[in-house]
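Have a look at the structure below, then the notes.
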Amino acid sequence: MMRTMTPAETRAAIVADVRASFGELKCLGSERLVRLGISMSQMHVMHLLERHGELTMTHLAETLDVSLSAATGLVDRVEERGFVERIRVPNDRRIVIVRITRAGHQMLEDAEILRTEIIERVLDELDETQLAGVASAVADLRIAVASALPGDTGLHHTHQAHEVGHTQGRD
């Protein structure tokens, strides 16, 4: 005889399944990015710049929660690939601004296409009934995330709709 799970056990099972599934997806995505010659850290820098627009090196380091020298090394590697550029402020050349380039936007778009392909391959494994259940559950989850997290995270972070090639709003 199978016993029913308590709400706490159900939550724990969901958390474990989501972590395992996202972990597998992250590994697969990381492997594909490595083939493209870019690391997750470099992608993170480009995503931050895409979402927040130009950032000073100091603000970027703070956002990444790393030292200025660590952020500088990371930006060096991304800049070498042509995905970001540094700009010195004319009236105070000590201030360095970093912004994403068109090539960086294109890399993010290519990575998004890869992520979509992976998700579609996963969804192809489900039948129509399962797909309907997943669609409903994901919609419910997105609503729950939106209502549970604002003001609770301590982060000043927004996800804006964006168009490739356009500069985003600044912090």
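Of the residues Gly104, Phe83, Val66, the one whose Cα sits farthest towards the positive end of the charge dipole of the chain is Val66 (charges of +1 on Lys and Arg Cβ, -1 on Asp and Glu Cβ, taken about the Cα centre). Charges were assigned to the Cβ only: +1 to each Lys and Arg, -1 to each Asp and Glu. The resulting dipole of region 30-148 about its Cα centre is roughly 740 debye.
Taking only complete DSSP H runs, can you tell me which helices of the chain stretch 20 Å or more along their own long axis by Cα positions and average at least -1.0 on the Kyte-Doolittle scale? Correct list, ordered by number: 7-36, 102-123, 128-148.
Judged by the ratio a/c of the largest to the smallest principal axis of the C-alpha gyration tensor, the chain counts as prolate, that ratio being 1.5 or greater while a/b is larger than b/c.
Coordinate-derived values only; no laboratory data. A quick note: this is a predicted structure, and the numbers were derived from the prediction, not measured. Every residue, glycine as well, gets a Cβ built from its backbone with ideal geometry; the counts of neighbours run over all protein chains shown.
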